[in-house]
Amino acid sequence: MIVIEKIAELQAYLNDKKAKSIGFVPTMGALHNGHISLVKRCVEENNICVASVFVNPTQFNDKSDLERYPRTPEADCAMLQEAGCDVVFMPTVSEMYPEEDTRQFSFGSLETVMEGKYRPGHFNGVAQIVSKLFDAVMPHKAYFGEKDFQQVAIIRAMVKQLNYPIEIIACPIIREESGLAMSSRNTLLTEEQRKKAALIAQVLTKSTTFVREKTIAETIDWVIRQFDGDDTFRMDYYEIVDGDSLQPINSWEDSQFIVGCIAVYCGKIRLIDNIHYKG
Ligand code: AMP
């Protein structure tokens, strides 16, 4: 495995390899088994697997979130090597943003809901960095986790808008034993918060049994109420949406692909998760 910091060096290395299939896994580091599941799949399905580790400042709407974001480059490299990754791209901020980024994206109704609504500018920042990374790596396939469900829809829209010849592959959510979706931010939880945070996945899982018994409005209400009365939790949103358009739906009959998406603070740490109801 080779670690590269410069775009020119990365491109020279990849050109030289003339690989039939380059697979790419973009990450912000502080890697866990969720990330590694993407890397392993990328290794299996391509001749070369490139993973990037870069904490992208333009996607953080909250400065303190950026400052406390965990950074563990050495452990990340060890995990990537173990997973069979060929190239780790670890650029500096000035390498990725030599000047202020002027790329502006518009994703219409995909970005006015959920994460886009609660984190203004977040998806513009995501599209800025992922497009720059795609330009640098020029992969054939790129792997993203369904944990960030809305992000996958945004990336697919970006690929379409920019005509990238890149196949986007969405991979399932990897969870801790408690059910908690793995996240780099979990390391910022206290032990007690981490135990309590398992409630998120428990509530989502239980709510899938309501599909026939309760209406959508009743299900949303039930989910939100499960976090009442414990001031560890503060809900940003819980929405039940069409899995393609990401727009809220009113009835279980409205779509064949239905997903519930949640964002909830556990203490100061904002956690997201989602569950498929249909499709
Ligand atoms: P991040 O480092 O949080 O930007 O995540 C990098 C990639 O890993 C994104 O495509 C995430 O959706 C994915 N990812 C993060 N956590 C998980 C998880 N628990 N299961 C599967 N994929 C994940």
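Once the cut-off is 18 Å, how many percent of the Cα-Cα pairs in the stretch 8-94 end up in the long-distance tail?
Above the 18 Å cut-off, the stretch 8-94 has 46 percent of its Cα pairs.
Rounded to a whole number, what is D in µm²/s for the stretch 71-227 from Stokes-Einstein with the Kirkwood radius over alpha-carbon pairs (10 °C, 1.306 mPa s)?
Estimated diffusion coefficient is 85 µm²/s.
Could you work out Rg/(2.2 N^0.38 Å) for the stretch 42-148, with Rg from alpha carbons only?
Working it through for the stretch 42-148, the quotient is 1.16.
State in Å² the accessible area per residue of the stretch 141-199; use a 1.4 Å probe, count heavy atoms of protein chains only, and round to the nearest integer.
For the stretch 141-199, the per-residue accessible area is 48 Å².
Can you compute the helix-only [θ] at 222 nm over the chain? Use -39500 (n - 2.57) per DSSP H run of at least 4 residues, normalise by all residues, nearest 500 deg cm²/dmol.
-11000 deg cm²/dmol
Would you give the gap between the C-alpha center of the stretch 261-279 and the C-alpha center of the stretch 129-181, rounded to a whole Å?
Cα centroid to Cα centroid, the span is 18 Å.
How much accessible area per residue does the stretch 61-123 have, counting only protein heavy atoms and a probe of 1.4 Å, in square angstrom?
Details: 3580 Å² over 63 residues.
On a per-residue basis, 57 Å².
Probe of 1.4 angstrom, ligands and nucleic acids ignored: what's the accessible area per residue over the stretch 212-263, in square angstrom? Walk me through the intermediate numbers first.
Working: 2780 Å² over 52 residues.
In whole numbers, the stretch 212-263 has 53 Å² accessible per residue.
For the stretch 170-279, what is the relative contact order in percent, using Cα pairs closer than 8 Å and at least 6 residues apart in sequence?
24
Beyond 34 Å, what share of the Cα-Cα pairs of the chain remains, rounded to the nearest whole percent?
Summing the P(r) tail past 34 Å for the chain gives 20 percent.
With no solvent and one point per C-alpha, what does the Debye sum give as log10 I(q)/I(0) for the stretch 218-279 at q = 0.12, 0.13, 0.16 Å⁻¹?
So the normalised log intensities work out to -0.31, -0.36, -0.53.
Rounded to the nearest percent, how much of the accessible area of the chain (1.4 Å probe, protein heavy atoms only) is carbon and sulfur? List each step's numbers first, then the result.
Working: 6530 of 13310 Å².
Its accessible area is 49 percent carbon and sulfur atoms.
The values are calculated or read from the model by the stated rules, or taken from the named source; none is laboratory data. Remember, predicted model here, so these are calculated numbers, not experimental data. We work out accessible area using only protein heavy atoms, side chains counted, and drop any ligands, DNA or RNA first. Shrake-Rupley method; radii C 1.70, N 1.55, O 1.52, S 1.80 Å.
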